[in-house]
Amino acid sequence: MTADSTPALVKQADADTDGPAPAVPPAARGPRARNTKAYLKYVAAKIAGAAVSLFAVLVTSFFLFRLIPSDPVKQMTGGRPVSAEQLDSLRHQFGLDQPMWKQFTSYVGDALTGDFGTSFAYHAPVIDKIVEKIPATLLLTGTAYVLYSVIGIWLGTRTAWRNGSSSDRFHTALALTLYSVPSFWLGLLLIIVFSVGVGPIPGMFPTGGMTSTDGGSGLSYVLDVAHHMVLPVITLVAVGYAQTLLVMRSSLLDEMGSDYLTTARAKGLRDDAVRRRHAVPNAMLPTFTLMFVNLGHVVAGQILVETVFSWPGLGSLFYQGLSTPDLPLVQALFFVFATAVILANTLADVLYPLLDPRVGR
C-alpha cells in the first residue's frame, strides 16, 4: 500500500460515514438585505417617536385639566352646604391636598401600571368605567367608519374617473358642503327634522339614547339599538364620507395623467381594468393613511355627536367628566383618546413602506 493511498481510504470512509455536508445558506446580501435593515431602523424610529408622544400626552393630560377654573371637591357636593372640615376630608381622600409634584409623580407611576385612579363622581375605578363604555362607542363609530370608508372610496373613484361630469360636480359640491358642516350642528338638524318632525315629516327616530326605556331582549333589542343608531350613524357617515371622497378623488386625479396608465391602455386593457388594476391601487396610498387616522378616532369616539344624541359611550362620559371636573376620569379618557390616534398613526407609518417601497428606504 502506497503512502498516498491511506489518506484516500480514510477520506472515503469519512465520506461514507458522515454523508454529504449540509448546505449552508448564504447570508443575505445585496439590496434586499440593505432594504430590510433600513426598514427595521425606520420601524424602530417610528416606535420610539410614538413612545415619546405617549409620554408627552401623559404629562399633558395631568396639567391640562388642572387649568379648569373650578374646584372638583365643591362640584361633588352639588351646591349643598358643607363644612370646611368635610371639604378638607374629601380633598385628603382623593389626594388633592398633596403638593402638585407629588400628585404628578403618583399619577404617572400609577398610569404606567394601568391604574388611573378612582372617579370623583362615580366613586369607582376609572378603568372600569372606560371598559364599561367602550362597547357602545365601538358599535357606533365602528359602524360609521366601515360605511363612510366604503362609500367615500367608491364615490371618490367614480367621480375622479369621470372628472368634469355632472355626477362629479354634484358629489364634489355635496362633499365639500358636508365636510364644512360641524357634526354637532348636523346632528341637531337631523333631530329636529326626523325626531321631532317638521311639517309633513313625522318624527320617526328617537331623540337620543341607545335603547328605549323598556329595554328588551333578543331580536327586539337588536332592532331597538339599530333604530337608535340611525341618526348618529348618518351624522358620522355624512362628515366622514365627505373627507374620504375628497382625498380619494384628489389622489386619483393626480394619477390619471401618469405614463404607466397610457402604457396600460396602449397594451389594449379596457378602461375599467386600467382603473381597477393600476390607477386605484396607487391612488389608495393617501387614502390608506387617512383610514388609519380615522381608525384611531373609532376608539376616541365623537364627543360632540355622542353628547348631542345622548349616546352612552366614551364621548358622553368625557363630557360628563368635564362638567364636574372629574380629574381622574378626564385625564384617563384624554390619554386613551390620544393613545388610540397615536397607535393608529404609527401602524400606518409602519405599513406604508410595504405599499410604497420609496418610503423608509
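Roughly how many debye, to the nearest 20, is the charge dipole of the stretch 259-353 about its Cα centre, given +1 on each Lys and Arg Cβ, -1 on each Asp and Glu Cβ, and no other charges? Mind dumping the intermediate values first?
Details: 6 positive and 6 negative charges, 127 e Å.
For the stretch 259-353, the charge dipole is close to 620 debye.
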Taking max minus min of the Cα coordinates of the stretch 114-172 on each principal axis, largest first, gives extents in Å of 59, 17, 16
Bounding extents of the stretch 186-239 in its principal axis frame from Cα atoms, largest first in Å, are 33, 26, 14
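Relative contact order, percent, of the stretch 276-356 when contacts are C-alpha pairs under 8 Å separated by at least 6 residues? Numbers along the way, then the final one.
Values: 64 pairs, mean separation 31.2, N = 81.
Reported as a whole number, the value is 39 percent.
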Computed over the stretch 93-211, the distribution of all Cα-Cα distances in 5 Å bins, rounded to whole %, is 2, 8, 9, 12, 12, 11, 11, 10, 9, 7, 5, 3, 1, 0
Rounded to one decimal in nm, the spacing of the 7 Å Cα→Cβ label points at I201 and L174 is 1.5
In whole percents, the bins of 5 Å from zero upward hold the Cα-Cα pairs of the stretch 194-278 as 3, 11, 13, 11, 10, 9, 7, 7, 9, 8, 7, 3, 1, 0
P(r) over all Cα-Cα pairs of the stretch 137-284, 5 Å bins from 0 to the longest distance, whole percent per bin, short to long, reads 2, 9, 14, 15, 15, 12, 10, 8, 6, 4, 3, 1, 0, 0
Rg/Rh over Cα atoms for the stretch 222-336, Kirkwood Rh, comes to 1.20
Rounded to two decimals, the Rg over Rh value of the stretch 228-278 from Cα coordinates and the Kirkwood Rh reads 1.27
What the Cα atoms of the stretch 277-361 span along the principal axes, largest first and in whole Å, is 53, 26, 12
Sorting V274, V336, S323 by the position of each Cα along the dipole of the stretch 267-361 (Lys, Arg +1; Asp, Glu -1; all at Cβ), the one nearest the positive end of that ordering is V274
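May I ask for the net charge around D168, where only other residues with Cβ less than 12 Å from the Cβ of D168 are counted and Lys, Arg are +1 while Asp, Glu are -1?
Details: positive: R158, R162, R169, R249; negative: none.
Spelling it out: positives minus negatives among the neighbours equals +4.
Roughly to the nearest percent, how much of the accessible area of the stretch 237-315 is carbon and sulfur, given a 1.4 Å probe? Don't skip to the answer; put the middle values down first.
On the way: 1980 of 3450 Å².
Carbon and sulfur together cover 57 percent of it.
The values are calculated or read from the model by the stated rules, or taken from the named source; none is laboratory data. All values reported here derive from a predicted model rather than from experimental measurement. Reconstructed Cβ throughout: ideal geometry from the backbone, glycine too, with neighbour counts over all protein chains shown. With ligands, DNA and RNA removed, areas are computed over all heavy atoms of the protein, side chains included. Shrake-Rupley method; radii C 1.70, N 1.55, O 1.52, S 1.80 Å.
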